[in-house]
Every structure is written in C-alpha cells, then in structure tokens.
Amino acid sequence: MASILVTRTLPDAVLSRLRGAAEIDVWAEPQAIPRETLLSRVRGRDALVCLLTDRIDSEVLDAAGPSLRVVANVAVGYNNIDVAACRARHVTVTNTPDVLTNACADFTWGLILAITRRLGEGERVVRAGRWGGWALDYMLGMELRGKQLGIVGLGRIGVAVAEKASAFGMRVAYSGRRPVEMPGAVHLSLEELLRTSDVVSLHCPSTPETLHLMNAARLSLMRPTAYLINTSRGPVVDEAALADALQSGRLAGAALDVYEREPEIHPALFGLENALLIPHLASATTETRTAMADLAASNALAVLAGQPAVTPV
Ligand code: DGY
C-alpha cells in the first residue's frame, strides 16, 4: 500500500478518501509541522499532501527519498515548493486552481469595500467607545462608482475580480505580460496602471520577478487618493515601503491579506489606521477549503494510481 504524509489535518471526508487508498500519516496539531518532524516523517513516503506553510525544497525531497512521486499542495500558490528540484527528481507537483477562484474574488471585493469605506477604522472606534455620534463629514471614504480598478495579473482570480467590477460601476484596467480577451478591460503597462488607477489589486504569483514589485518607486507612482489591495502573496509588496507611503499620506490606504514573513507583519503597519490587516483568509470558506483539500487528495491519488495529475503545476 502506498504511504502518504499529510502535513495538516484535512476535512474528515478527504482523509477517509486518502485512507481508502493508502496508509496515511497526518500531522494533526493546529500549528504547522515543525521542520525536523517534516524531515523525519516524510522519509519513505510515496506522496506528500502539504500546505502553503510548508517549505518543500531539496532537503525535504532528499529526506523523502526516491519513493516520493507527488507533492500535492493544498493551495493555488506554490511559491513554497521548489518546483525545479521536484522536476529534477521526477516528482509531480500539483496545486488547487479554480476551486478557490470565486471565494478569493469575493474576498477581494470585501477588502476593496472595507478599506475604501473605512470599515476597520470604524469598528475600532465603536469598540473603543470613542464614537461621538453621526456627523455629515465623519469618517468619509471613497465612492467606487466611476473609478478605475487596476488589476495586476489577470489570471483566474484577477478575471473573477474584474467580472464583479461592473456591479460597483468601476472601469477595469489590467497589466500583465499579454493582453487578455476581456471586453471592457484596458491593457496598460504596470506604470500606467499605477498612475491612473483608484484601486490597485494584486493578483500575480510570487516569483523572483515579482519580489517587491510594489517597492517605494512603484508605490510613488500611485495617486495619493488611491488604495492598494494584496491577496496574492506577501513578498510582492515591500511592507516597509508601503508603511512609509501610508504614514506620509502618499497613499490613501492598503488592505492586506498576505505578508512577507507570515504570521509576522511589519510592525510599522500596526499603528496605521489606513492599513487593513487580515490574516490570510481569501480562500477561507468551508466550501472552498473542503474543495481545495479534496482536489489535493485527487491529485495525490491520481499520481499514485499511475494516472496524470488533475491539476499539475
Ligand atoms: C492559495 O491557495 O494560494 C491561497 O493563498 C490560500 O488561501
């Protein structure tokens, strides 16, 4: 029987599916599997079902040994996996696209509304007992209708976010290597998109090319009235430069779901009322997380059965 290491507990139905086909070892603690435990428990496994909190590199692959055939990530992003090192060892890498697209797009709109209408700030005031009552000019935000949404990276999630923009009366511009067939959306260079957008939403993968894509120079191209939204990956934004821009008023606000060194967050962001800080929740609905785990299980089981992976990277 094949042997699978699962690095975090998954929904019962998914674990049962895996158990029906293989011997499984599940790290069932609430926190991420410690590195040393991962290295020792991966030894001799045929499959590894892992999460974005696990760094899967040559050291892990060497510890697993030649039996390992598939690394099934329970996430669409796979920057935690050294894909080249897996390929060199003929280990298939899979991720979980599509099943989380809608949840992430809905969530992105939640962040856009929350930061432009100051919901985090308003809630803090109420809870602290500091609300003095209604006033015509109190805590004003920015209206979305008639404004431009700039999407950096028009992949699956970027497209789903763009499709919902008409509900809020926003124009859509996007940047990315290639123009995409999307009626009404304008393809701009990144610089032009940053200069002209009222809300910039990041949906690009985390790669060496996108590391600190939003650095001080690019943030300075944005309008002082504009907002930055990041649901992609933390390393895409230089958090220190962002904190500077928010503090000095060079940017109206930022809503972040992801951070460079999760769960650490740059301390300068904590004191800023115009920063909305959320703990990596974009795909966090019961339906979506179950579907992600189920797809990762299908990927692992397909490869173990000698079939092509459902969603290979
Ligand atoms: C992913 O799947 O990459 C998401 O970040 C998980 O929420």
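The values are calculated or read from the model by the stated rules, or taken from the named source; none is laboratory data. The structure presented is a predicted model; accordingly, all values stated were derived computationally and were not measured. Virtual Cβ from ideal backbone geometry, glycine too; neighbours counted across all protein chains shown. These area figures cover heavy atoms from the full protein model, side chains too; ligands, DNA and RNA do not enter into them. Shrake-Rupley method; radii C 1.70, N 1.55, O 1.52, S 1.80 Å.
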**Request:** Mind telling me which of the residues Arg233, Arg289, Arg250 ends up being open to solvent by 10 Å² or more (accessible area, probe 1.4 Å) and over 24 Å from Gly158 (Cα atoms)?
**Result:** Arg250
**Message:** Regarding the stretch 269-280, can at least one residue be identified that is outside the structural domain of His90 (by TED's automatic domain parsing), acidic (Asp, Glu), within 13 Å of the ligand (Cβ to nearest atom) and at pLDDT 95 or above?
**Reply:** no
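For the stretch 79-92, which positions are out of contact with any Pro (no Cβ under 8 Å at 6 or more places or on another chain) and either polar (S, T, N, Q) or within 16 Å of the ligand (Cβ to nearest atom) (or both)? So that I can check it myself, show each step before the final result.
Going residue by residue through the stretch 79-92, those that are out of contact with any Pro (no Cβ under 8 Å at 6 or more places or on another chain) are 80-88, 90-91.
If the condition is that a residue be out of contact with any Pro (no Cβ under 8 Å at 6 or more places or on another chain) and either polar (S, T, N, Q) or within 16 Å of the ligand (Cβ to nearest atom) (or both), then Asn80, Ile81, Val83 are the ones that fit.
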**Request:** Could you pull out the residue among Leu68, Leu111 that is buried (at least 21 other Cβ atoms within 10 Å of the Cβ) and either assigned to a helix (DSSP H, G or I) or basic (Lys, Arg) (or both)?
**Result:** Leu111
**Request:** Can you tell me which residue among Arg124, Arg118 is more than 15 Å from Ile229 (Cβ to Cβ) and either in contact (Cβ under 8 Å) with a residue 24 or more places away in the chain or in the same structural domain as Gly153 (by TED's automatic domain parsing) (or both)?
**Result:** Arg124
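Out of the residues in the stretch 77-88 that are touching a residue at least 12 places away in the same chain (Cβ under 8 Å) and out of contact with any helix residue (DSSP H, G or I) (no Cβ under 8 Å at 6 or more places or on another chain), state the one that is farthest from His280 (Cα to Cα). Steps first, answer last, please.
The first filter runs over the stretch 77-88 and keeps only residues touching a residue at least 12 places away in the same chain (Cβ under 8 Å), leaving 77-83, 85-86.
Those still in the list that are out of contact with any helix residue (DSSP H, G or I) (no Cβ under 8 Å at 6 or more places or on another chain) too: 77-78, 80-81, 83.
Values: Gly77: 13, Tyr78: 15, Asn80: 15, Ile81: 18, Val83: 23 Å.
Once the filter is applied, the top-ranked residue is Val83.
Please work out if Leu48 is more than 16 Å from the ligand (Cβ to nearest atom), in a strand (DSSP E or B) and not assigned by TED's automatic domain parsing to the domain that holds Val161. Before the answer, list the steps.
On the way: more than 16 Å from the ligand (Cβ to nearest atom): yes; in a strand (DSSP E or B): yes; not assigned by TED's automatic domain parsing to the domain that holds Val161: yes.
It is true that Leu48 is more than 16 Å from the ligand (Cβ to nearest atom), in a strand (DSSP E or B) and not assigned by TED's automatic domain parsing to the domain that holds Val161.
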